[in-house]
Every structure is written in structure tokens, then in C-alpha cells.
1. Quick test of your reading of the structure: E116 fulfils all but one of (1) more than 16 Å from the ligand (Cβ to nearest atom); (2) under 30 Å from F165 (Cβ atoms); (3) touching a helix residue (DSSP H, G or I) at 6+ places or on another chain (Cβ under 7 Å). Name the failing condition by number.
2. Mind checking which residues of region 1-14 are assigned to a loop (DSSP other than H, G, I, E, B) and either within 11 Å of the ligand (Cβ to nearest atom) or closer than 28 Å to D166 by Cα (or both)?
3. Counting just the residues of region 125-179 that are modelled with pLDDT of 90 or more and charged (D, E, K, R), which one comes out surrounded by the most Cβ atoms within 10 Å (Cβ to Cβ)?
4. Please go through region 51-91 and give me each residue that is free of Cβ contacts under 8 Å to residues at least 12 places away in the same chain, under 25 Å from F107 (Cα atoms) and small (G, A, S), ordered by number.
5. How many of the residues making up region 15-65 are closer than 30 Å to A83 by Cα, more than 14 Å from the ligand (Cβ to nearest atom) and modelled with pLDDT of 90 or more?
6. Just give me the residues in region 153-196 being in a loop (DSSP other than H, G, I, E, B) and either of a type in the set (K, R) or closer than 27 Å to Q118 by Cα (or both), in sequence order.
7. Taking K150 and the conditions (1) assigned to a helix (DSSP H, G or I); (2) within 18 Å of G19 (Cβ to Cβ), which numbered condition does it fall short on, given that it satisfies the others?
Amino acid sequence: MSELSIKSVKTVCPYCGVGCGMVLDTDGQKVLKVTGDKKHPANFGRLCTKGQTSAQVLTNSGRMESAFVRNDRSHQPVKTSIAQAISYTAKRLRDILDQHGPDAISFYVSGQMSIESQYLANKLAKGFVRTNNIESNSRLCMASAGAGYKLSLGSDAPPGSYQDFDHTHLFLVMGSNMADCHPILYLRMMDRVKAE
Ligand code: SF4
């Protein structure tokens, strides 16, 4: 394959909330290589093992590449086009809604979804289905963390700038194994600890 047909695409690591910048080399069909984005202000080229191996998950990962519908609980799932699966899901939801009302439906979405996906899921739940029953791990997880911050530190606020890492004289880390959970920020913290 000629180097000309390989395109580099800048993106953000899909895993933890550190948000490391990465560059994907792709031939248009699959991701060939993942490297850290040297210019990205979160990681300056560093990636942890999860970020570095993210191409494997995108290529031959064994994940489903098509929709499947089980026409009856006792039947095997049947391969179906995405459009058909969406229509079928919409019809089933409509039937439940008409028969049992909005609170018969609830949504459990993910904190890992993009802001746009969160918006769409909330719009669907509250604006169209008209139920308040929407929950995600972001609330389940952060409600307890927020309550803990407020009780212990007197305040719960969004995190500051990563640049603060390079200026602080004190780190207080509690209840978190940063080295495992947010490795690149941990390395950044340790760079500062060594520089002090
Ligand atoms: S620390 Fe690792 S998992 Fe988290 S965003 Fe960076 S590369 Fe991805």
C-alpha cells in the first residue's frame, strides 16, 4: 500500500476521562496504527496501554458488525440491517408506550457516551417518550463522589486545568489508584513531584 493512501486522523482516546489526544493512521477501511498526539495539551504524545492498543478493538475484535433481532424470546437472533432493527425497536417501544404509558419505559445510558449522544438520549426519553426514567453511571457514580467532596472538602467543582499540575506544590489523592485508572495524568503528576 502506498504511503499516499494512508491518512492520519487526529482524535481523542475513547477510554478514560483524561482525554489524551491520539493520531490514527488509516487506509480508509481500518486503523493501522495509533500514536499519541505530541501536540495535544493533555498527554503531549504519551498514551497508556489502553490507548495504545485501541486499534485492536476496532479491527477483528469479534464485536458484532451488524444488528441482530430476536423475533421471539425463544428464538435465535437473526442478522438484520441496522435500518430494520431501528424500525423494529421503534415499533416495539411505540407499542409499549401506547399500551402502558411513558413510565413503562426507562433508559440506562452510559457516562462514556459523547455529549451529543447524551443530549439525544435525554431528548428521546424526556421530550418524546415523556418519562423521567433516565439514568446513567455518570450520575450514579458522580452523585456519591460529589457528596463526598462537599462533605470532606466543602466544595464540589469541575476539575481545574491540567496546567495546574505543572505549578502546584501539593497533590492530595484519595480513594483513587491513579496509576491504574488515569495513568497519563499520574505520570504528569509524578513529573511534577520529581521536579519539586
Ligand atoms: S490515560 Fe490511557 S485510557 Fe485514559 S485517555 Fe489517556 S491513553 Fe486513553
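1. Of the numbered conditions (1) more than 16 Å from the ligand (Cβ to nearest atom); (2) under 30 Å from F165 (Cβ atoms); (3) touching a helix residue (DSSP H, G or I) at 6+ places or on another chain (Cβ under 7 Å), the odd one out for E116 is (3).
2. Looking only at region 1-14, we keep the residues that are assigned to a loop (DSSP other than H, G, I, E, B), and these are 1-2, 6, 13-14.
Passing the criteria: C13, P14.
3. Step by step, filter region 125-179, then rank; the result is K126.
4. Once the filter is applied, which keeps residues that are free of Cβ contacts under 8 Å to residues at least 12 places away in the same chain, under 25 Å from F107 (Cα atoms) and small (G, A, S), region 51-91 yields S74, A83, S87, A90.
5. Qualifying residue count for the region: 5.
6. Listed by number, the residues that qualify are S155, D156, A157, P158, P159, G160, S161, S176, H182.
7. Of the numbered conditions (1) assigned to a helix (DSSP H, G or I); (2) within 18 Å of G19 (Cβ to Cβ), the odd one out for K150 is (2).
For (1) touching a strand residue (DSSP E or B) at 6+ places or on another chain (Cβ under 7 Å); (2) buried (at least 17 other Cβ atoms within 10 Å of the Cβ); (3) within 26 Å of M142 (Cα to Cα); (4) in the same structural domain as R188 (by TED's automatic domain parsing), each residue gets a yes or a no:
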position: C13; (1), (2), (3), (4): yes, yes, yes, no
position: G17; (1), (2), (3), (4): no, no, yes, no
position: C20; (1), (2), (3), (4): yes, yes, yes, no
position: D25; (1), (2), (3), (4): yes, no, no, no
position: K33; (1), (2), (3), (4): yes, no, no, no
position: D37; (1), (2), (3), (4): yes, yes, no, no
position: N43; (1), (2), (3), (4): yes, yes, yes, no
position: G51; (1), (2), (3), (4): yes, yes, yes, no
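The values are calculated or read from the model by the stated rules, or taken from the named source; none is laboratory data. Note that the coordinates shown come from a computational prediction; the quantities given were computed from them, not determined experimentally. All Cβ positions, even for glycine, are placed from backbone atoms using ideal geometry, and neighbour counts span all protein chains on display.
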